[in-house]
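Participant: Structure incoming, see below.
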Amino acid sequence: MATGNAHKAAEVAQLLDGILEIQTLKDIGCTTDIPETGNTFEANAMQKAVYVFENFNKDCFADDSGLVVDALDGAPGIYSARFAGEPKSDAANNEKLLQLLANESNRKAKFVCVIALIFKGEKHLFEGEVQGTIRNSLSGREGFGYDPLFQPDGYAITFAEMDPAEKNAISHRGRAVAKLIEFLKDELK
Ligand code: IMP
C-alpha cells in the first residue's frame with residue numbers, strides 16, 4: 001500500500017486481515033514523499049500507485065482521500081491534508097474548517113476515497129463515499145484527520161467517537177476497500 005499515513009494503513013490492514021498481507025512504503029524502504037500533482041482523487045491515487053510500480057516493480061495500491069464540504073464548493077477536497085498549510089496538521093485543519101463554517105447553516109459534507117490498484121500490470125480504480133455533517137465542535141479521540149468533526153448520516157456520534165471497526169464498516173475507505181477485496185478475491189481464486 002503506497003502510503004506513509006500509519007492511520008490509513010492500520011484501517012486498511014484491519015479490513016484485509018486474513019485476506020491479504022500488505023506492505024507499506026516503509027516496509028519496502030521507500031522514504032520519498034511521493035508527488036501528488038493531479039487535480040482529482042483518481043489522478044493522485046494513480047500517481048502514487050504508478051510511482052511504486054515503476055520504482056519498486058511491485059503490484060501496489062494507493063488511496064487518495066479527502067473531505068468534500070458542500071458550503072465550501074467541495075473544499076478542502078484533494079487539498080484536505082494541507083488545508084491549513086505546512087506543516088500539515090490535523091488540529092490546524094479542523095480549526096480552519098470550523099472558522100470557515102462558523103456562520104454557515106449548511107453543514108453537509110462527504111468523505112471520498114479512491115483506491116488505485118496496479119495488479120498484473122493493469123490499472124484499476126475503486127471508489128467509496130460516506131455522507132455526513134460537520135459538527136460545531138470537536139468530539140472524540142479515535143481516528144485521525146477530520147474525524148472529530150464528521151458525523152456520518154444516521155449516527156449521533158462522530159467518526160472519532162467510533163471504534164475503528166465501526167468506522168471501517170461505513171467509511172469511505174471501508175467501502176472502497178470492500179470493492180478492492182471483491183476484485184482481488186475474484187482474481188486470486
Ligand atoms: P491524502 O493522504 O492525500 O489522501 O490526504 C487525505 C487527507 O484527507 C487526510 O490527511 C485527512 O485530512 C483527510 N482524510 C481522509 N480520510 C480521512 C478519514 O477517514 N478521516 C478523517 N480525515 C480523513
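The values are calculated or read from the model by the stated rules, or taken from the named source; none is laboratory data. Quick caveat, the model's predicted, so the values are computed rather than measured. Don't worry about glycine lacking a Cβ; one is built from the backbone with ideal geometry, like all the others, and counts go over all protein chains shown. All accessible areas refer to the heavy atoms of the entire protein, side chains included, with ligands and DNA or RNA removed. Shrake-Rupley method; radii C 1.70, N 1.55, O 1.52, S 1.80 Å.
Participant: Filter the stretch 98-147 down to residues that are among the charged types (D, E, K, R) and without any contact (Cβ under 8 Å) to a residue 24 or more places away in the chain and give me whichever is farthest from the ligand (Cβ to nearest atom).
Facilitator: This residue is E122.
Participant: If you don't mind, another one. Here is a list: I157, I181. Which entry is farther than 21 Å from A84 by Cα, open to solvent by less than 70 Å² (accessible area, probe 1.4 Å) and in a loop (DSSP other than H, G, I, E, B)?
Facilitator: On the way: I181 fails: in a loop (DSSP other than H, G, I, E, B).
Only one candidate qualifies: I157.
Participant: What's the number of the condition I78 fails, among (1) part of a helix (DSSP H, G or I); (2) surrounded by fewer than 15 Cβ atoms within 10 Å (Cβ to Cβ)?
Facilitator: (2)
Participant: I'd like the full set of residues that are open to solvent by 20 Å² or more (accessible area, probe 1.4 Å) and either farther than 21 Å from Q47 by Cα or of a type in the set (D, E, K, R) (or both), limited to the stretch 60-74.
Facilitator: First, the residues of the stretch 60-74 that are open to solvent by 20 Å² or more (accessible area, probe 1.4 Å): 65, 68, 70-74.
Correct list: D70, A71, L72, D73, G74.
Participant: Which one of these does D33 not meet: (1) within 12 Å of the ligand (Cβ to nearest atom); (2) open to solvent by 20 Å² or more (accessible area, probe 1.4 Å); (3) modelled with pLDDT of 95 or more?
Facilitator: Here D33 meets the rest and fails (3).
Participant: From the list E54, E21, pick out the single residue that is in a helix (DSSP H, G or I) and open to solvent by 60 Å² or more (accessible area, probe 1.4 Å). Please lay out each step first, then the result.
Facilitator: Values: E21 fails: in a helix (DSSP H, G or I).
E54 is the lone residue from the list that is in a helix (DSSP H, G or I) and open to solvent by 60 Å² or more (accessible area, probe 1.4 Å).
Participant: Condition test on S171, is it among the small types (G, A, S) and exposed (fewer than 15 other Cβ atoms within 10 Å of the Cβ)?
Facilitator: Details: among the small types (G, A, S): yes; exposed (fewer than 15 other Cβ atoms within 10 Å of the Cβ): no.
For S171, the condition - among the small types (G, A, S) and exposed (fewer than 15 other Cβ atoms within 10 Å of the Cβ) - is not met.
Participant: Additional query: Out of everything in the stretch 81-92 that is more than 7 Å from the ligand (Cβ to nearest atom) and not in a loop (DSSP other than H, G, I, E, B), what residue ends up being least open to solvent (accessible area, probe 1.4 Å)?
Facilitator: Across the stretch 81-92, the extreme among qualifying residues is A92.
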